[in-house]
Amino acid sequence: MSTREAREIAELQKEQEFIDRLYARVDVLRGDAAESVTDALTPVGTGQQARLERDLLVVERSGLLAALNAVDGSLCFGRIDLTEKAGGTAHHIGRIGIREDDSEHTPILIDWRAPVARPFYLATGHTPMGIRRRRHLTTEGRTVTELHDEILDLGDEERTGFEDPTGDAVLLAALNSARTGRMGDIVQTIQAEQDRIIRHSHRGVLVVEGGPGTGKTAVALHRAAFLLYEQRELLAKRAVLIVGPNPAFLGYIGEVLPALGETGVLLASLGELFPGVHATAEDTPHAAAVKGAEAMVDALALAVRDRQQLPEPGAPMVVRHDDGDLILDWEIAYEARQAARDTLLPHNLARPHFAFRIIDALTDQLSERIGADPYGGPNFLGPDDLALLGKGVAASNEVHAAIEELWPRLTPQDLVADFLAEPVHLAGEDAKAIRRDVTGPADWTPADVPLLDEAAELIGVDDSAERALAEAARQERIGYAQGVLELSRGSETYEFEDEEDSEVLAAHDIVDAERVADWYEEEDHRSAAERAAADRTWAFGHIIVDEAQELSPMAWRLLMRRSPTRSMTLVGDPAQTAEEAGVGSWEKILAPYVEDRWEHTRLGVNYRTPSEIMDVAAAVLRAEHPGFEPPSSVRSTGVRPWARAADDVVKAVAEEAVAATPEEGRLAVIAPRRLHAALAAVLPDVVAGGEPDLTKHLVLLDPRQAKGLEFDRVLVVEPGEYGVSDLYVALTRATQTLGVVHGGELPESLRGVLVTRA
């Protein structure tokens, strides 16, 4: 064995010994964490302080356990060796930080988000940042399989035999690896431009723009992980919301943050952002655009006012009463309505003001009838009599029925459903486009969700009944606790030998009944993300929006309500705007909410799409925008995209798909929806409709479903049926090869840029 081979083996063994030591500590932590949770669930002592300490311990230890169980086998992915001047030590970098014990000594594994880990991503030969050597570790489970070293101190002559002269081996290996149908984290390969965005200190709205393959989604997710690390106390309470374009995309990215030990995040599509509604139905593009327009704010406000009605002039409502019919006319109702509207409260919260005015007016009417002096004298009913009459009117079912008819209690679902059935405040084709009957939960579309949220703001929630029940339950607990304390007082018979012993305190001397009752109030053990999902008014600590350019003005109103601090990261590419309702321009999106107080940054390197494929996709956009410049690709595969014309498109796609489906990796067939049923009938293990299963080797999608996703190989079917943005998206999903199958004419922009296949 040569000296060099021996040195290489020694280096591998050294790193393997570290991995073994690391996981030995992880196993101890897992055991300690589980034991601590079990112990913490057993009450320790009595009193509020003991309960608080116990609850904090449960949160802390169970959070650690969740993190350790969430990450995959490759906890450690790198090492930095410092120069002698910088201390000469070595730091291993990993997905989470792990200490040897509870001391303040250097951790075994440094969290990739810690400041000391930052040189791992930023150091270069020109600016080594005190690093002598940077090492990338590749592991399978707990076994080290590869090492790649970068020498940053050019004066250091020591070599290990694992030197990577370009420093790109790990990045290119990750880019060329087979896709799994799930996005992985990029902590091992974060590039300098990505790191700057991930750690950006801006606390307001940060816009991250980038073309296909620039890693903007991965950057946004890692920014979420970084913020959860930097602002742990705040975000653990308020949670982070990540909004994606569709459920398939959320499934695709769903494992990234748990793999980094972060679970306090709510992932949702627009159709899932109204509690109790899971919107899966589809709108036409025109209908979605109409619903997304800001004109819907006024239309819904008018729809609410329409529900605040008056009797017809000259045709009063007759309210039956034991002491004779009461007359509720236009004048009474008008005065009550104006008084309620003047409160500026939402509809349901203003309703009691309307009801009180109606009840007072009808009580006065009844008082004049019963207590009037037939000879013109003063009303002989006293205050107590009037109060009794008022209670009778207020308790009348007929009176409440009249109030309900004029000022009904509303729900967002009822209001929006009625509006869609008859959109009277829209005109012409817009009204026709959105008119439909909503008969059940399955009829809601994602574009309806912002309307439901707007309706909820307009009508408000009258929770007085729920609060009354909660207070009644609390008073019952207080009464029970008071009885227990009284029994405790009566059972205490002490004989004291001296006066000092008489100072011993009993339970009733330390606590009162209210405090005891509060101790036994049922606790909410849901996580912040779970509570946020059920609460429409929840204010998130930070919101990340992917494909942000696609959201409508109404959708932005919904999201801004969820972010009163305007702490947001928006990710997107205006060139990929496909939705008619999409705003597209960052200025138009943000000006109504933060004016110019936002920051914009751009990712300019395409890590996913080979240059051969990107050249084809860029030609599509240049046909409409001659000055368009795509992000520069870091890879070239040498394989040019091809096109095949076919009389029987479905048969041709089946032939190509069977031949191209990889044993490892994923093939996506991106086709118009009209062809999905026919293609599903001939493609193996493919089902049309619903959300695609991205873990399968062969996936059938339409262009909108493909947004944000990536596959090893892609077949685009009938590109002439797509809009420019949809075609651009479809053409940029592949990491290796791209083919086009068409029966109709190719778009002019694709002619001459594809290799013809017979």
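With Thr83, Thr89 as the choices, which residue is open to solvent by 40 Å² or more (accessible area, probe 1.4 Å) and either under 16 Å from Gln191 (Cα atoms) or at pLDDT below 95 (or both)?
Being open to solvent by 40 Å² or more (accessible area, probe 1.4 Å) and either under 16 Å from Gln191 (Cα atoms) or at pLDDT below 95 (or both) holds for just one of Thr83, Thr89, which is Thr89.
One line per residue, one yes/no per condition, for (1) in contact with a Ser or Thr (Cβ under 7 Å, 6 or more places away or on another chain); (2) at pLDDT 95 or above; (3) under 23 Å from Pro423 (Cα atoms):
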site	(1), (2), (3)
Ala268	no, yes, no
Glu272	no, yes, no
Thr280	no, no, yes
Pro285	no, no, yes
Lys291	no, yes, yes
Leu302	no, yes, yes
Leu310	no, yes, yes
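Could you list, in sequence order, the residues of segment 648-672 that are modelled with pLDDT under 95, open to solvent by 20 Å² or more (accessible area, probe 1.4 Å) and farther than 13 Å from Pro684 by Cβ?
Of everything in segment 648-672, those that are modelled with pLDDT under 95, open to solvent by 20 Å² or more (accessible area, probe 1.4 Å) and farther than 13 Å from Pro684 by Cβ turn out to be Glu663, Glu664.
Could you check how many residues of segment 325-337 are touching a Lys or Arg at 6+ places or on another chain (Cβ under 6 Å) and at pLDDT below 95?
0
Would you say Arg223 is closer than 28 Å to Gln576 by Cβ, in contact (Cβ under 8 Å) with a residue 12 or more places away in the chain and surrounded by fewer than 21 Cβ atoms within 10 Å (Cβ to Cβ)?
no
Search segment 189-202 for residues being open to solvent by less than 40 Å² (accessible area, probe 1.4 Å) and in a loop (DSSP other than H, G, I, E, B), and hand back the single one that is farthest from Thr124 (Cα to Cα).
Restricting to residues being open to solvent by less than 40 Å² (accessible area, probe 1.4 Å) and in a loop (DSSP other than H, G, I, E, B), the top hit is Arg199.
Read through the list (1) in contact with a helix residue (DSSP H, G or I) (Cβ under 6 Å, 6 or more places away or on another chain); (2) assigned to a loop (DSSP other than H, G, I, E, B); (3) closer than 24 Å to Arg21 by Cβ; (4) open to solvent by 30 Å² or more (accessible area, probe 1.4 Å), then give the number of the only condition that His148 fails.
Every listed condition holds for His148 apart from (2).
For residues that are over 23 Å from the mean Cα position of the chain (by Cα) and open to solvent by less than 30 Å² (accessible area, probe 1.4 Å), tally how many sit in segment 583-607.
Going through segment 583-607 one residue at a time, the tally reaches 2.
Got a sec? Which helices (runs of 4 or more DSSP H) wholly within segment 504-557 have at least 3 residues that are of a type in the set (A, V, I, L, M, F, W, C), surrounded by 13 or more Cβ atoms within 10 Å (Cβ to Cβ) and modelled with pLDDT of 90 or more? Steps first, answer last, please.
Working: elements: 507-510, 513-519, 528-533.
So the answer is 528-533.
Right, Arg704: on the phi < 0 side of the Ramachandran plot, open to solvent by 60 Å² or more (accessible area, probe 1.4 Å) and assigned to a strand (DSSP E or B) or not? Steps first, answer last, please.
Values: on the phi < 0 side of the Ramachandran plot: yes; open to solvent by 60 Å² or more (accessible area, probe 1.4 Å): yes; assigned to a strand (DSSP E or B): no.
Judged against the criteria, Arg704 is not a match.
For a quick check of your reading of the model, give me the residue pairs whose first member lies in segment 409-433 and is closer than 21 Å to Leu345 by Cβ, whose second is of a type in the set (D, E, K, R), with beta-carbon atoms closer than 7 Å and at least 6 apart or on different chains.
Listed pairs, sorted by first residue: Arg409/Arg351; Leu410/Arg307; Val416/Asp448.
Show the residue pairs that are 6+ apart or on different chains and have beta-carbon atoms under 9 Å apart, the first residue being within segment 8-21 and farther than 17 Å from Gly78 by Cβ and in contact (Cβ under 8 Å) with a residue 40 or more places away in the chain, the second being open to solvent by 40 Å² or more (accessible area, probe 1.4 Å) and of a type outside the set (Asp, Glu).
Partner pairs satisfying both residue conditions: Asp20/Arg142.
Do you know which residues across segment 130-145 are outside any strand (DSSP E or B) and modelled with pLDDT of 90 or more?
Gly130, the sole residue that qualifies.
Looking at segment 277-293, is at least one residue farther than 26 Å from Glu580 by Cα, part of a loop (DSSP other than H, G, I, E, B) and open to solvent by less than 30 Å² (accessible area, probe 1.4 Å)?
There is no residue in segment 277-293 that is farther than 26 Å from Glu580 by Cα, part of a loop (DSSP other than H, G, I, E, B) and open to solvent by less than 30 Å² (accessible area, probe 1.4 Å).
Select from segment 14-54 the residues that are loosely packed, with under 11 Cβ neighbours inside 10 Å and over 28 Å from Asn69 (Cβ atoms) and write down the one among them that is modelled with the lowest pLDDT.
Among them, the one singled out is Gly45.
If you scan segment 158-177, which residues turn out to be open to solvent by less than 40 Å² (accessible area, probe 1.4 Å) and over 15 Å from Val605 (Cα atoms)? Quick ask: steps written out before the conclusion?
Initial filter on segment 158-177 (open to solvent by less than 40 Å² (accessible area, probe 1.4 Å)): 160-162, 164, 167, 169-171, 175.
Hits for segment 158-177 are Thr160, Gly161, Phe162, Asp164, Gly167, Ala169, Val170.
Any residue at all in segment 749-756 that's touching a Gly at 6+ places or on another chain (Cβ under 9 Å) and farther than 27 Å from Leu175 by Cα?
no
Filter segment 707-727 for residues that are over 19 Å from Arg635 (Cα atoms), of a type in the set (A, V, I, L, M) and either open to solvent by 20 Å² or more (accessible area, probe 1.4 Å) or part of a loop (DSSP other than H, G, I, E, B) (or both) and give the result.
Val724
Which residues, counting only those in segment 399-455, are open to solvent by 10 Å² or more (accessible area, probe 1.4 Å), under 19 Å from Pro553 (Cα atoms) and part of a loop (DSSP other than H, G, I, E, B)?
The answer is His425, Leu426, Trp444, Pro446, Ala447.
Looking only at residues in segment 243-268 that are open to solvent by less than 10 Å² (accessible area, probe 1.4 Å) and part of a strand (DSSP E or B), which one is nearest to Asn69 (Cα to Cα)?
Here the answer is Ala268.
The values are calculated or read from the model by the stated rules, or taken from the named source; none is laboratory data. All values derive from a computational prediction rather than experimental measurement. Neighbour counts are summed over all protein chains in view; Cβ atoms, including those assigned to glycine, are modelled from backbone coordinates with ideal geometry. Side chains are part of the model used for accessible areas, which takes the heavy atoms of the whole protein and leaves out ligands, DNA and RNA. Shrake-Rupley method; radii C 1.70, N 1.55, O 1.52, S 1.80 Å.
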